[in-house]
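For reference, the structure is listed below as structure tokens.
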Amino acid sequence: MAADPPEVSKGLYMTVEQYLALDEATDGKYEFLDGYVYMLRPPSSMYDDQAVDMAGGSVNHAAICAAMTGILYQALSGSPCMVYTSDARMQLAERQYLYPDLVVAYGEQSGTMLINPTVVIEVISPNSEKRDRGEKLKTYKSIPTVQEYVLIGSEYQAIEVHRREGRFWKEQHYYEGDLVELKSLDISFPFDEVYHRIRL
């Protein structure tokens, strides 16, 4: 039987170097905010030659991420920006590394980390909602390149856009029948497309 992977409880303190070594050494996924590590997906474990994959969000969460990826990919065709999934780690500052559900970034991206995000999208789940609305919202607002932060419900139908307008941030809510605007990208799409065929 293989040795158990290291366990990281929510809010464990580490240095940047320790975090990067952990995140790159396992198939788990961890975020790092100002010295504290948060586990997004636990590493797989091997027990008696049988892989046990502890990872996974809800089916609705996955379907909404897929729908938004398709909507943005099509809307941004021919644009100088690209949509990226949560497989890409994003570095916001020296002590801030996150894996948002979706990121839109302008210009060429290379290597293992995204830089200069313009729009960040998180699909809310019960386990992530407090951090998505609190610590992450505060962090994204402090990044000059981030123009819009989007929260999408996975247990209820609602889309919330936090938009930078000059020195201030404004919040706009969208519901069934609305046309959702991402002004920083100069695109819009029907709210209902996000939840098409998804039962909540």
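The values are calculated or read from the model by the stated rules, or taken from the named source; none is laboratory data. Just so it is clear, the model here is predicted, and its values are computed rather than measured. Neighbour counts run over all protein chains shown; Cβ positions are idealised from the backbone, glycine included.
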Checklist line | Residues of the stretch 11-33 satisfying the condition of being of a type outside the set (Ser, Thr, Tyr), closer than 20 Å to Asp101 by Cα and in contact with a Lys or Arg (Cβ under 9 Å, 6 or more places away or on another chain) | finding: Asp23, Asp27, Gly28, Lys29, Glu31, Phe32, Leu33
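Condition check ((1) at pLDDT 85 or above; (2) hydroxyl-bearing (Ser, Thr, Tyr); (3) in a strand (DSSP E or B)) across all residues:
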{"residue": "Ala3", "(1), (2), (3)": "no, no, no"}
{"residue": "Ser9", "(1), (2), (3)": "no, yes, no"}
{"residue": "Gln18", "(1), (2), (3)": "yes, no, no"}
{"residue": "Leu22", "(1), (2), (3)": "no, no, no"}
{"residue": "Val37", "(1), (2), (3)": "yes, no, yes"}
{"residue": "Ala51", "(1), (2), (3)": "no, no, yes"}
{"residue": "Ala62", "(1), (2), (3)": "yes, no, no"}
{"residue": "Ser79", "(1), (2), (3)": "yes, yes, no"}
{"residue": "Asp87", "(1), (2), (3)": "yes, no, no"}
Notebook entry, point to check: In the list Glu171, Glu181, Glu155, which residue meets the criterion of being touching a strand residue (DSSP E or B) at 6+ places or on another chain (Cβ under 9 Å), acidic (Asp, Glu), in contact (Cβ under 8 Å) with a residue 24 or more places away in the chain and surrounded by fewer than 17 Cβ atoms within 10 Å (Cβ to Cβ)?
Noted result: Glu155
Next item on the list: Could you tell me which numbered condition Ile115 fails, if it satisfies all but one of (1) closer than 22 Å to Ala63 by Cβ; (2) in contact with a Ser or Thr (Cβ under 9 Å, 6 or more places away or on another chain); (3) not acidic (Asp, Glu)?
Entry: (1)
Next item on the list: Quickly run through the stretch 89-135 and pick out the residues that are surrounded by 13 or more Cβ atoms within 10 Å (Cβ to Cβ), without any contact (Cβ under 8 Å) to a residue 60 or more places away in the chain and of a type outside the set (A, V, I, L, M).
Entry: Gln91, Pro100, Asp101, Tyr106, Gln109, Asn116, Pro117, Glu122, Ser128, Glu129, Asp132, Arg133
